[in-house]
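Accompanying notes for the structure given below.
Derivation of every value follows stated rules applied to the coordinates shown; laboratory data play no part. Keep in mind that what you see is a predicted model, and the values were worked out from it rather than measured. Every residue, glycine as well, gets a Cβ built from its backbone with ideal geometry; the counts of neighbours run over all protein chains shown.
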Amino acid sequence: MTDLERAALLDQLLRYVREELETGLPADQITPGSPLLETGVLDSVRTARLLAHIRTAHDVRVPPVHMTGEHFRTLETITDLILLLRSRAASL
């Protein structure tokens with residue numbers, strides 16, 4: 001995956017969170033590095049919706065072992081997780 005492809009994936013996730021998750025925050029307050037759990041952007045319902053989006057839009061299933069605060073800390077860490085899971089699936 002190139003830097004450009006990573007940036008496109010990150011941008012798509014950012015748009016999804018800003019436009020679809022109904023966080024109650026102004027869109028400009030949600031950035032790629034925003035702490036999603038600490039700011040309440042992600043709660044159990046919004047995390048489930050995000051996981052469903054990742055599965056359908058990016059054809060990536062996030063196994064329970066990867067559903068941690070570390071992986072869902074920011075949109076940047078979520079992007080890296082998707083890329084990691086894609087690369088593992090491609091190597092099988």
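Things worth noting here:
- Structure-derived Rg and Dmax of the Cα atoms in Å: which label, when the choices are (i) 22.5, 84; (ii) 13.2, 37; (iii) 12.5, 41: (iii)
- Computed from the C-beta positions of LEU25 and THR2, the FRET efficiency with R₀ = 25 Å rounds to 0.25.
- Converting phi to 3J(HN,Hα) with the Karplus coefficients 6.51, -1.76 and 1.60 and the offset θ = phi - 60°, region 38-55 yields 5, 8, x, 4, 9, 10, 4, 5, 5, 5, 4, 5, 5, 4, 5, 5, 4, 5 Hz in sequence order, with x at every glycine or proline.
- C-alpha long axis of helix 3-20 to longest principal axis of the chain, angle in °: 40 degrees
- On Cα atoms only, tilt of 75-90 relative to the major axis of the chain in degrees: 20 degrees
- Helical contribution to [θ] at 222 nm, DSSP H n ≥ 4, -39,500 (n - 2.57), averaged over the chain, rounded to 500: -17500 deg cm²/dmol
- Peptides ranked, highest mean first, by Cβ atoms within 10 Å: ranges 54-65, 77-88: 77-88, 54-65
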